[in-house]
1. When you check Pro82 against the structure, is it assigned by TED's automatic domain parsing to the domain that holds Glu139 and modelled with pLDDT of 95 or more, yes or no?
2. Only one of these conditions is not met by Glu348: (1) in contact (Cβ under 8 Å) with a residue 12 or more places away in the chain; (2) acidic (Asp, Glu); (3) farther than 19 Å from Val100 by Cα. Which number is it?
3. Could you grab the pairs with beta carbons closer than 9 Å, sequence gap of 6+ or different chains, first residue in the stretch 185-197 and β-branched (Val, Ile, Thr), second one part of a helix (DSSP H, G or I) and modelled with pLDDT of 95 or more?
4. Here is a list of conditions, (1) without any contact (Cβ under 8 Å) to a residue 60 or more places away in the chain; (2) outside the structural domain of Leu59 (by TED's automatic domain parsing), and Ser140 meets all of them except one; can you say which number that is?
5. Take the conditions over 18 Å from Tyr313 (Cα atoms), at pLDDT 95 or above and not in a helix (DSSP H, G or I) and apply them to Asp192. Does it pass?
6. Being farther than 15 Å from Ser102 by Cα and part of a helix (DSSP H, G or I) is the filter here, so list the residues in the stretch 52-76 that pass it.
7. Could you please give the count of residues in the stretch 146-166 that are buried (at least 21 other Cβ atoms within 10 Å of the Cβ) and not in a helix (DSSP H, G or I)?
8. Scanning for something in contact with a Lys or Arg (Cβ under 8 Å, 6 or more places away or on another chain), surrounded by 14 or more Cβ atoms within 10 Å (Cβ to Cβ), charged (D, E, K, R) and in contact (Cβ under 8 Å) with a residue 12 or more places away in the chain, does the stretch 235-249 turn up at least one residue?
Amino acid sequence: MKQTVTIALGLALMASQSLAEMPRPAGLAALGEPPIPADNPMSPEKIELGEMLFFDPILSGNYNMPCSACHLPEAGWAIQAPISFGYPGTTHWRNSQTIVNSAYYGKLFWAGSSGSLEHQARSAARGGVAGNGEDDMMESRLAFVPEYRERFADVFGDDWPNIRHAYDAIAAYERTIIQTDTPFDNYMNGDDTALSEAQVRGLEVFAGKGNCISCHNGPMLTDEKYYNTGVPPYSGWEDDEIAQITFRFELYAKGSTEAMYRSTKDDPGLYFRTKETSDKGKFRTPSLRYTAFTYPYMHNGMLESLRDVVEFYNAGGGSNEFAANKSAQIQPLGLTDGEMDDLVAFLESLSGEELIVETPELPEMQPLPASMAAN
């Protein structure tokens with residue numbers, strides 16, 4: 001009996017060692033430091049200003065929608081609901097993406113419509129169903145806050161707060177909201193104990209039988225390309241009148257044909273940017289990082305859990321209005337329940353500790369000095 005137990009323990013140890021020593025997939029990597037654009041260098045003062053502006057509703061149409069309204073730190077720096085909040089009286093029409101590690105993206109938003117965090121901040125602040133602000137109005141508000149006037153002068157040399165510099169500051173702050181010490185990162189950096197046995201098996205499924213790595217690769221686990229995976233339409237469009245109005249507004253505002261405006265019942269995605277029929281229903285591959293805290297998933301939040309996502313792809317994706325454009329690589333995977341469990345375990349290794357911050361103290365608006373008001 002003793003010899004049998006010893007052999008069993010030895011075999012278990014060998015199996016554990018073989019899993020830990022599995023070669024790291026060539027298509028994946030740990031996350032390094034984020035790229036910093038030459039035209040918006042970082043400084044502690046700029047980051048501090050950006051943090052204040054990120055949480056301050058002063059940069060919105062009705063003084064009620066700061067960046068943090070749709071990117072709540074306690075909700076994964078996003079919204080834990082299928083569709084994000086909208087400007088009061090409206091609702092949004094897509095799922096809010098986390099800003100954690102957004103510093104590494106080359107394309108922002110679900111259809112890649114912004115090429116930088118600076119541009120993304122401006123688009124969100126001005127968006128008709130998001131911030132709904134006007135640059136000149138928000139700039140004037142900033143000028144009524146003495147502390148902001150001082151900070152803009154110190155950081156940017158502005159005599160009067162420049163709204164473009166506000167977006168620069170917000171982008172600088174967002175580049176500090178990163179996570180590079182997940183179990184996955186530690187494993188890829190050589191720590192064989194950073195992943196559990198289930199997570200190592202899940203990594204093998206991810207890079208092998210599941211072929212998730214074909215789209216989710218590189219340090220950010222995304223190729224930033226566009227695919228139609230067959231995600232079903234947002235269910236709220238069936239019975240939510242405000243959501244229906246928002247959806248019709250977006251179809252109209254983004255240049256749909258009249259026939260398309262009258263008949264389309266699903267989000268055309270990349271088509272809005274390219275106007276190519278073949279791009280209907282395609283969305284940019286999202287990063288898989290920090291996904292433990294960013295449920296629900298997909299561009300419209302139609303999948304509630306990581307297990308739902310794995311089962312969705314194991315079934316070969318789904319079906320939507322633009323089925324003719326469904327990407328060819330979305331095929332049934334044939335994973336067993338155990339393999340799906342391991343894959344979920346691996347996906348959980350892509351998140352570290354939850355990133356929670358305290359809301360900064362915000363300055364109050366005050367009347368302009370008489371000398372400035374006269375100008």
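1. Criteria met by Pro82.
2. (3)
3. As it stands, the answer is Thr193/Asn186; Thr193/Tyr187, since those pairs meet every condition given.
4. That leaves (2) as the condition not met.
5. yes
6. Scanning the stretch 52-76 gives Met52, Leu53, Phe55, Ala69, Glu74, Ala75.
7. Residues in the stretch 146-166 being buried (at least 21 other Cβ atoms within 10 Å of the Cβ) and not in a helix (DSSP H, G or I): 1 in total.
8. Checked the stretch 235-249: no residue is in contact with a Lys or Arg (Cβ under 8 Å, 6 or more places away or on another chain), surrounded by 14 or more Cβ atoms within 10 Å (Cβ to Cβ), charged (D, E, K, R) and in contact (Cβ under 8 Å) with a residue 12 or more places away in the chain.
The values are calculated or read from the model by the stated rules, or taken from the named source; none is laboratory data. A quick note: this is a predicted structure, and the numbers were derived from the prediction, not measured. For neighbour counting, all protein chains shown are included, and Cβ atoms are generated from backbone atoms with ideal geometry for every residue, glycine included.
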